[in-house]
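What follows is a single structure, written as structure tokens, with notes after it.
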Amino acid sequence: MYRKVGTQQELDIFYLIKKTSWDEKGFEMEYAEPHSEQFLFYIDEEPGGTFQFTPYAYSRPFIRNKFDDIVLDGMNLVEVDSFAVLPSYRGKLGREIVSFMIHYAKEHQYTHAVGMADPYVFELFNHTYRIRTTQVQKEEWFKGALAIPALFHLKEVYEQAPYDWYSPPEEWKAGVF
């Protein structure tokens, strides 16, 4: 299950999960921007993963400077951030978080997402999930580790035939809720 962060306690849990995962990867912690929506992901009512969406118009200047040059007419962009899964939930929540990203994009009619992607996550999106993810500038040192400025082509996913990994949240199996 997922839940939009709505209380200080949930936000504290969100940051705890994110910090645990980001420390492991060597990233410096960053905190939510205004107009962002944070989500927690659960298995058996225990939080184990995080994800955040920010409408592109409200993205930080750093992000805008990276991506403004690639924005084309007809693109409806959202910034994605804070993809984090606690070690004990890896292999159990990643697919649901990626499925939720696609579901969220479709519901809000976002055609693309932008973000600074960990190189492993960049490859995961392209090869495991087959979500076309384009590197828009060379990778760089960002918040303590190498990251790739990435454009995620989300509309292509939600408009194509179903993917074997995709299941909308309403179809998630018991235990993930």
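Dipole orientation for the chain: of the candidates 119, 39, 86, 119 has the Cα lying most toward the positive pole (charges on Cβ; Lys, Arg +1; Asp, Glu -1). What the phi angles of the stretch 11-18 give under the Karplus curve with 6.51, -1.76 and 1.60, with θ = phi - 60°, is a coupling list of 5, 4, 5, 3, 5, 5, 5, 4 Hz, glycine and proline written as x.
Residue pairs exceeding 27 angstrom between C-alpha atoms, taken from 25/92; 18/138; 25/106; 4/25: 25/106. Note on residue 135/residue 33: beta-carbon distance plugged into 1/(1 + (r/R0)^6) with R0 of 22 Å gives a FRET efficiency of 0.40.
Amide H contacts of residue 79: 54, 56, 114, each under 5 Å away and 5 or more positions distant or on a separate chain (H built 1.01 Å from N in the peptide plane; Pro and chain starts excluded).
Taking all protein chains into account, the per residue accessible area for the stretch 1-123 stands at 48 Å² (1.4 Å probe). Rounded to the nearest Hz, the phi-derived 3J(HN,Hα) couplings of the stretch 115-129 under the Karplus curve 6.51 cos²θ - 1.76 cosθ + 1.60 (θ = phi - 60°) are x, 8, 9, 4, x, 5, 5, 4, 5, 4, 5, 5, 9, 7, 8, where x marks glycine and proline.
Taking θ as phi - 60° and the Karplus parameters 6.51, -1.76 and 1.60, the scalar couplings of the stretch 53-63 work out to 10, 9, x, 4, 4, 9, 5, 4, x, 4, 5 Hz in sequence order, x denoting glycine and proline. Send over the Kirkwood Rh of the stretch 30-70, from the inverse of the averaged 1/r over different Cα pairs, rounded to one decimal Å. It is 11.9 Å. For the stretch 43-81 versus the stretch 11-26, the inter-centroid distance based on Cα atoms is 18 Å.
Both radii are taken from the alpha-carbon atoms of the chain; with Rh as the Kirkwood radius, Rg/Rh is 0.93. Relative contact order for the chain: 23 percent, from Cα pairs under 8 Å spaced at least 6 residues apart, divided by residue count. Rolling a 1.4 Å probe over the protein heavy atoms of the chain, with every protein chain left in place, gives an accessible area that is 52 percent carbon and sulfur. Electrostatic tally near residue 150: other residues with Cβ closer than 13 Å to its Cβ, Lys and Arg +1, Asp and Glu -1, net -3. Stokes-Einstein diffusion for the stretch 89-177, with the hydrodynamic radius set to the Kirkwood value over Cα pairs and evaluated at 10 °C in a medium of 1.306 mPa s, equals 115 µm²/s. Accessible surface of residue 16, taken over heavy atoms with a 1.4 Å probe and every protein chain present, rounds to 120 Å².
The values are calculated or read from the model by the stated rules, or taken from the named source; none is laboratory data. All values reported here derive from a predicted model rather than from experimental measurement. FYI the Cβ positions are ideal-geometry reconstructions off the backbone, even for glycines, and counts take in every protein chain you see. When the accessible area is computed, the model is the full protein with side chains, heavy atoms only, and any ligands, DNA or RNA have been set aside. Shrake-Rupley method; radii C 1.70, N 1.55, O 1.52, S 1.80 Å.
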